[in-house]
Amino acid sequence: MLFSELARAFSEIEKTAGRLDMTDQLSSLFKKADEKQIDKTIYLCQGTLAPSHMGIDLGVGEKFAIEAIALSSGYERKKIERMYKEEGDLGLVAEKMAGNKRQMSLSGEKLTVAKVYDSLMKIAKSSGTGSQDVKIKLLADMLNSANATEAKYVVRLVLGKLRLGIGDPTILDSLSVMESGDKSLRVKIERAYNLCSDLGLVAKKFVANPKAIEKFEITPFSPIRPALAERLPTSEEIIEKIGKCAVEGKYDGLRMQVHKKGGRIEIFSRKLEVMTKMFPEIVQAVAGLGAKEIIFEGEALGYELKSGKYLSFQQTIQRKRKYGVEAMSKESPLRLFAFDLLFLEGKDYTTELYEKRRKELERVVKKGKNETVAVTEQIITEKPAELERFFQKCIAAGLEGVIAKDLGAPYVTGARKFAWIKLKRSYGALADTIDAVVCGYYLGKGARTEFDFGGLLVAVYNDELDRFETIARVGSGFSEEEMGDVEKLLSKIKLKEKPKGLQSKVKPDFWTELKYVVSVTADEITLSPMHTAGMVGETGYALRFPRMVAVREDKGPKEATTVNEIIELFEMQKRKR
Ligand code: ATP
């Protein structure tokens, strides 16, 4: 497929706001791609080269792009820099310069999707001495063969700034529409996606043989999209909903999905990024488990060797900042509390019931006989009072609450279902904190002017419409130091316009990229004409007296609280009263 076709589709999608139109545009685009190109086409549509667990990041520095545009157009770097200042977008600069070249390309070769993808991959992978020149040359070569629209998107891609707002749900729908004309195949395609977290790979298999997608299998080292917990406000409601269940402490640490096959071990984070190098003591312990091939999940907590005390989530994640891994793994090692089994010795366990998964997990972990990996403590009960006592015991021990698990449920990949129900310490009238995406910020007024920061505009995720909707302006809960840090962080991702994929009726002083997730608490959820979360007619949901709790480094924007969860929390709040 020619890259010009992809660029033309990007141009159309950029002008499209509705999910249905976007789905139609994408399905027509996907129809043009064969088995060899569909994966590349999909990655490029999402502004990436591979799923996040492969750890291949696009995003060269702006300086490289400026050099490359100068080189291919024959103009001075200073002129390109001046234009960039005016336009605020190097993609637009490249678009203008493509029609305005001082020198003509000699090759006259047309760009194809495969060629652009391969060059971007080379740029992403080249490192070390001389790599800067290689990157500039590769980009300049592409620009030499590009028309104006192609040049705009090549530059945005290479900078990691495509931002068309195409989410996974829209791609899944589009693949189904491409094949059947409607969304009827979405569930089957999504199941395959949940088992490997790689939309490109799923699309490739689907295009090769649409029927075979039902037989898609788990492969170690392709992470499985994690199961998530629903909420209920009381022990009584939990027992009423799922009856006799297992109840486990909700440990506030780092979620890990561990894959082992033979001598190779990999650890994936909640966002499904590879984190193996950060946790040498866990890798060592997993090597000694009683299984050759296994995928299991657990929550890792740091503890202080001297006192034996567990560390808070904030202290535990210090480990993610690469330095001092060895030292930290000795001073405050991690202990992994295994809570679910997904795959064992070549067999998919996600379809097995929890009771059976837990039994096998216990067997494998106990065989390992090491202290670093243990199974979560649990009780089995059908009595609300007993559940409540266990909950209180967990709170007293410093845990966040409990998770009740339906003994008769399979592992629900990539979805929030009542197979797991969390009961947490309450936050005002709310049964839980809300994880919201920062979409803009305000400048300080009065006492806060000094820090130049007056609060965040935050949004929740509408997974049905694949877009973000605002829910609050968060102005308190920050220390003075935090305010300064947040302002610094956000000033780097400022946008001139509202980010694509965001619905908002309010306008902050600055818009930002949809990148950071923050945990927020509030007095209650109210109805408001100001915010677009779950808006019907003129009324949406909003937070009353919202306060910042922490930045959630372990979550990406699509893992933010959804509009449906907000509606549930709103209903629960009424019941609690
Ligand atoms: P929260 O913000 O409350 O941590 P979350 O949005 O990260 O929730 P949920 O799906 O609501 O995730 O809750 C499940 C999370 O709880 C898991 O991601 C896991 O990290 C954590 N967890 C802690 N202990 C357990 C346990 N025993 N079983 C399952 N998950 C557990």
*What percent do you get for the relative contact order of the stretch 210-335 when only Cα pairs under 8 Å and 6+ apart count?*
24 percent
*So if R0 is 45 Å, what FRET efficiency would Lys492 and Glu371 give, r being the distance between their Cβ atoms, rounded to the nearest 0.05?*
0.60
*To the nearest 0.05, how large is the calculated FRET efficiency for Thr351 and Lys79 if R₀ is 45 Å and r is the Cβ-Cβ distance?*
0.15
*Take the cross-link list Lys183/Lys215; Lys85/Lys505; Lys309/Lys393; Lys135/Lys277; Lys125/Lys492; Lys261/Lys347 and give me the ones stretching past 22 Å between alpha-carbons.*
Lys85/Lys505; Lys135/Lys277; Lys125/Lys492
*Rounded D (µm²/s) - the stretch 69-228, Kirkwood Rh over Cα pairs, Stokes-Einstein at 20 °C, 1.002 mPa s*: 117 µm²/s
*Say each of Lys96 and Ala208 gets a label point 7 Å from the Cα, pointing the same way as Cα to Cβ; how far apart are those two points in nm?*
4.7 nm
*For the stretch 171-291, what is the largest minus smallest coordinate of the Cα atoms on each principal axis, given in angstrom and ordered from greatest to least?*
46, 45, 23
_Stokes-Einstein D in µm²/s, Kirkwood radius over Cα pairs - the stretch 334-459 at 10 °C with 1.306 mPa s viscosity_ = 87 µm²/s
*Please state the Cα pair-distance histogram of the stretch 434-576 with 10 angstrom bins from zero: what percent is in each bin?*
13, 46, 33, 8, 0
_Alpha-carbon radius of gyration plus Dmax, which is the widest Cα pair, for the stretch 389-473 in Å_ = 18.5, 57
*Seen from all sides and averaged, what is the projected area of the convex hull of the Cα atoms in the chain, in nm²?*
28.1 nm²
*asked:* Calculate the FRET efficiency for Ala287 and Ser127 from the Cβ-Cβ distance with a Förster distance of 25 Å, rounded to the nearest 0.05.
replied: 0.25
*Stretch Lys183-Lys137 to full length: gain in nm at 0.36 nm per residue minus the Cα-Cα span?*
12.3 nm
*Regarding the stretch 16-61, what is the average projected area of its C-alpha convex hull, in nm²?*
4.5 nm²
*Stretched out fully, how many nm does the piece from Gln315 to Ser4 gain, at 0.36 nm a residue minus the Cα gap?*
107.1 nm
*List the extent of the Cα atoms of the stretch 232-424 along each of their three principal axes, largest first, rounded to whole Å.*
47, 39, 29
*Counting DSSP beta bridges with both partners in the chain, what percentage is antiparallel, nearest 5?*
85 percent
*May I ask you to work out the translational diffusion coefficient for the stretch 1-137 at 25 °C, viscosity 0.890 mPa s, via Stokes-Einstein with Rh from the Kirkwood sum over Cα pairs, reported in whole µm²/s?*
147 µm²/s
*asked:* Can you give me the distance in nm between label points at Val549 and Asp21, each placed 7 Å from the Cα along the Cα-to-Cβ direction?
replied: 3.8 nm
*Per 10 Å bin, what percent of the C-alpha pairs of the stretch 162-211 does each bin hold, from zero upward?*
27, 59, 14, 0
*asked:* Going by average Cβ density within 10 Å per residue, which order do the peptides 502-509, 67-74, 6-13 take, highest to lowest?
replied: 67-74, 6-13, 502-509
_Show me the ranking of peptides 77-83, 44-50, 521-527 by mean Cβ neighbours inside 10 Å, starting with the highest._
44-50, 521-527, 77-83
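Where a number appears in this text, it was derived from the coordinates with a stated rule and is not lab data. Values in this document were obtained by computation on a predicted structure and should not be read as measured data. All Cβ positions, glycine included, derive from the backbone under ideal geometry; neighbour counts span all protein chains shown.
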